[in-house]
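The values are calculated or read from the model by the stated rules, or taken from the named source; none is laboratory data. Computed from a predicted structure; not experimentally measured. FYI the Cβ positions are ideal-geometry reconstructions off the backbone, even for glycines, and counts take in every protein chain you see. What goes into the accessible areas is simple: the full protein's heavy atoms, side chains included, and nothing from ligands, DNA or RNA. Shrake-Rupley method; radii C 1.70, N 1.55, O 1.52, S 1.80 Å.
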Protein chains: 2
Amino acid sequence: MRIGELADASGVSTRSLRYYEEHGLIRSERTPGGWRDFDSSMVERVVMIQHLFAAGLCSATINELLPCLEAPPEERTGVMEQLLAQEVERLEAKRRDIDRELDTLQALRSETALSGEVRTPSRRSPPWDTTE
Amino acid sequence: MRIGELADASGVSTRSLRYYEEHGLIRSERTPGGWRDFDSSMVERVVMIQHLFAAGLCSATINELLPCLEAPPEERTGVMEQLLAQEVERLEAKRRDIDRELDTLQALRSETALSGEVRTPSRRSPPWDTTE
DNA sequence: GTGGAACTTCACACCGGTGTCAATTGCAAG
DNA sequence: CTTGCAATTGACACCGGTGTGAAGTTCCAC
């Protein structure tokens with residue numbers, strides 16, 4: 001199938017498909033004229049890739065992950081588990097960051113609601129020990 | 001005080017200070033020679049700005065927020081409360097996104113741990129109804 | 001054989017806070 | 001005076017997935 005068909009079938013723009021190919025996420029044959037010729041199994045793969053992107057993974061990580069997903073089950077458990085665990089950790093760290101940011105805002109809200117000493121926040125124990 | 005002093009005192013690079021000024025977050029006089037001359041009260045303000053940046057706010061939002069922080073208490077409650085509430089909502093939305101991404105990864109993990117049908121994820125009810 | 005759609009590659013833009021380089025200029029100490 | 005650091009403005013880079021546009025080629029239906 002050609003890139004336009006794949007784009008329609010998967011809901012991903014041709015631009016993105018070329019990007020995926022450029023980064024090794026998908027592969028294609030070429031017609032004698034130089035056009036991409038995708039196997040129809042690529043539709044599901046592209047959909048999968050989209051979901052992984054939506055899950056916040058970067059192309060490099062997806063690139064590591066995809067071979068594991070295609071390997072026979074007995075081989076993939078180790079590496080893939082590790083990768084996914086890493087990603088989960090990354091997301092959870094991100095979540096903790098956001099929680100800290102939320103705390104900062106809440107602190108700012110309550111602090112300024114109480115007193116007029118807003119311009120000197122570092123005087124009393126600052127709630128911004130986010131140590132980033 | 002000059003920009004270098006302010007940078008040292010606040011722990012923010014001169015580059016960032018110029019950026020802040022360029023975006024209206026801080027103001028300065030100019031010496032006859034054209035150098036920035038900051039009021040020493042800027043130190044605390046810059047520190048505050050840094051914390052707001054660290055809390056994930058963008059410069060535009062900080063720009064809206066700062067006047068409220070400097071206004072007398074009776075004026076600021078309304079607008080500021082609203083801005084902060086907006087930011088809290090934004091962060092919470094972000095958090096929900098991350099939670100969904102985490103769900104996606106966990107689903108992927110458990111799914112692939114069970115079966116070899118990894119290449120056809122959209123066949124059975126997909127866990128990726130993230131509707132982003 | 002031809003018009004036009006679909007495709008090719010190449011390249012720039014975006015977002016936003018910061019690093020960094022370059023060419024000038026201010027200012028203080030020797 | 002010179003030397004040298006600090007500051008000035010301006011511009012480009014980054015990151016990363018995607019939009020978009022241009023200029024040129026291929027394919028298909030008529």
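Odds and ends about this structure:
- The distance between label points at A:ALA60 and B:SER40 comes to 4.6 nm (points 7 Å beyond Cα on the Cα→Cβ vector).
- Average other protein chain Cβ within 10 Å of Cβ, residues A:87-94: 4
- Length added when fully stretched, B:SER110-B:MET1, from 0.36 nm per residue minus Cα-Cα: 33.3 nm
- Percent RCO, i.e. relative contact order, over segment B:1-70, from Cα pairs under 8 Å lying at least 6 residues apart: 33 percent
- Shortest-first nm distances, B:ASP39 label point to equivalent points in other copies (7 Å, Cα→Cβ): 6.9
- Element breakdown for segment A:1-101 at a 1.4 angstrom probe: carbon and sulfur atoms account for 49% of the accessible area.
- The distance between label points at A:ARG30 and B:ALA93 comes to 4.4 nm (points 7 Å beyond Cα on the Cα→Cβ vector).
- In this assembly, the B-A interface accounts for approximately 4000 Å² of buried accessible surface in total, computed with a 1.4 Å probe and without ligands, DNA or RNA.
- Bins of 10 Å from zero: percent of alpha-carbon pairs in segment A:30-91: 19, 43, 26, 10, 2
- Dividing the Cα radius of gyration of segment B:1-70 by 2.2 N^0.38 Å, with N the residue count, gives 1.05.
- Per-residue mean of C-beta atoms belonging to partner chains within 10 Å, peptide A:103-110: 5
- Shielding by partners, peptide B:35-46 (average Cβ within 10 angstrom, other chains): 1
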